[in-house]
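The values are calculated or read from the model by the stated rules, or taken from the named source; none is laboratory data. In this text the structure is predicted, and so the values were computed from the model without any measurement. All Cβ positions, glycine included, derive from the backbone under ideal geometry; neighbour counts span all protein chains shown. With ligands, DNA and RNA removed, areas are computed over all heavy atoms of the protein, side chains included. Shrake-Rupley method; radii C 1.70, N 1.55, O 1.52, S 1.80 Å.
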Amino acid sequence: MRLRTLILSLVLASAGLHGGAALAETTYGQGVHGEDTTPISVLLANPDQWVGKTVRVKGRVTDVCQKRGCWVAIASDQEFQTLRFKVKDGEIVFPQDVKGRVGVFEGVFNRYELSREQAIARAKHHAEEHGEKFDPSEITGPEVWYQLDGTGAVVE
Amino acid sequence: MAPVPSSSSAPEGARRRGGQPRWRRWNRALHRDLGYLAVGLTLAYAVSGLAVNHVSDWNPDWTLGRETVRFEPMPVADRDTLVAELVRVLDLPEPKDAFRPAPERVQLFYDDWNVEADVRAGTAVIERPRRRAVLADLNALHLNRLRGAWTLVADAYAAVLAFLAVSGMLILRGRQGLAGRGRWLVLAGLAVPLVAIAWIHVFGSEALGR
């Protein structure tokens, strides 16, 4: 009887670890603080106006960091646009099945200037992760990079 | 039975049979029993530790099943047309949503799986992420992703580990204990973190990671 109780407890505890999957929404990090969101297309239309500001965006996750779960790409309201939502390694870990889910993401919109070498390294890393071909000659110069440095998210 | 005479100056009340001080008896008993208690979490954390140490080489929580499918390349068109064509050509169910990150690339989203196609190249990758059944749970415990009550368990376990380390040094006496080889082994063990910390301060943490 005791053994049965122990096994039942372990099964229930294990189910608790997967609880996020059964819930309608999963909160990551500090979650989000507010209802209003800014369309990604608005942010990217005049990005420098938004640098340093805390914003919330809503969108479907189109990609996720495959090793550490430390970033997701969020689909814009317009085609051919995505915004990277980057979190500190380990503070938030996005699961691989977050891809395809819709969420609200909150963070500080920032601008990064990458030298050509940095841009090549970033593109090479991305290509390796996705098993894609990479040609460094496609990157011809320094790049400006905007991303949301995330503090929290709520995903369906 | 007559008490065993002792050459030590410890009071008689602080001794047990065989002349062993009472604190040693308690130390040995606690080390033994807490050691038994710690076996489960120690093994769990050890397995998870090996897994997460190599996070730059693999994802310790998930596997990503990938199947590449080839099809006749198609001309770039609007999103809805491409989605309908891909569903037909690849014999897929209707996706819950789709997105085009680039004119020739289409992503189809389903519950817990997705398809990314390059219509110009005529390739599609079907991705099915799967959570590693046991390892992901061990990692969640080890990295304290549960927070809340598990933090108390993890703190208690850390305290137990610290006790086991200290009590372990004091179990044996004489040449096998801290007075003999034990001292040198303890110093060798202490040297590992101390040298690493010194290295970080002299050469920086990146130098250690090379």
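When the criteria are applied in full, B:V47 meets the requirement of being β-branched (V, I, T), at pLDDT 95 or above, open to solvent by 40 Å² or more (accessible area, probe 1.4 Å) and closer than 30 Å to B:L138 by Cα.
Taking residues in the range B:169-187 that are closer than 19 Å to B:P21 by Cβ, and partners anywhere that are open to solvent by less than 70 Å² (accessible area, probe 1.4 Å) and among the charged types (D, E, K, R), the pairs with Cβ atoms closer than 9 Å and at least 6 places apart or on different chains are B:L170/B:R24; B:I171/B:R24; B:R173/B:R24. Close contacts from the range A:36-47, counting a first residue that is of a type in the set (A, V, I, L, M, F, W, C) and at pLDDT 95 or above and a second that is part of a helix (DSSP H, G or I) and surrounded by 15 or more Cβ atoms within 10 Å (Cβ to Cβ), with Cβ to Cβ under 7 Å and a gap of 6+ residues or different chains, come to A:L43/A:W50. Of note, A:A127 satisfies the criterion of being surrounded by 13 or more Cβ atoms within 10 Å (Cβ to Cβ), free of Cβ contacts under 8 Å to residues at least 40 places away in the same chain and more than 10 Å from the chain's Cα centre (by Cα). Taken together, the residues in the range B:117-158 that are more than 9 Å from chain A (Cβ to nearest Cβ), in contact with a strand residue (DSSP E or B) (Cβ under 9 Å, 6 or more places away or on another chain) and of a type in the set (D, E, K, R) amount to 4.
Being modelled with pLDDT of 95 or more, open to solvent by 60 Å² or more (accessible area, probe 1.4 Å) and either outside the structural domain of B:N53 (by TED's automatic domain parsing) or touching a Phe, Trp or Tyr at 6+ places or on another chain (Cβ under 6 Å) (or both): is that true of B:E94 here? For B:E94, the condition - modelled with pLDDT of 95 or more, open to solvent by 60 Å² or more (accessible area, probe 1.4 Å) and either outside the structural domain of B:N53 (by TED's automatic domain parsing) or touching a Phe, Trp or Tyr at 6+ places or on another chain (Cβ under 6 Å) (or both) - is met. Can you find even one residue in the range A:53-74 that is over 18 Å from A:A153 (Cα atoms), open to solvent by 40 Å² or more (accessible area, probe 1.4 Å) and more than 13 Å from the chain's Cα centre (by Cα)? There is no residue in the range A:53-74 that is over 18 Å from A:A153 (Cα atoms), open to solvent by 40 Å² or more (accessible area, probe 1.4 Å) and more than 13 Å from the chain's Cα centre (by Cα). Looking at A:D89, A:D97, A:D77, just one residue is facing chain B (nearest Cβ under 10 Å), under 27 Å from B:E127 (Cβ atoms) and surrounded by fewer than 15 Cβ atoms within 10 Å (Cβ to Cβ), and that residue is A:D89.
Applying the set (1) assigned to a helix (DSSP H, G or I); (2) of a type outside the set (V, I, T); (3) open to solvent by 70 Å² or more (accessible area, probe 1.4 Å); (4) within 9 Å of chain B (Cβ to nearest Cβ) to A:S137 leaves exactly one unmet item: (4).
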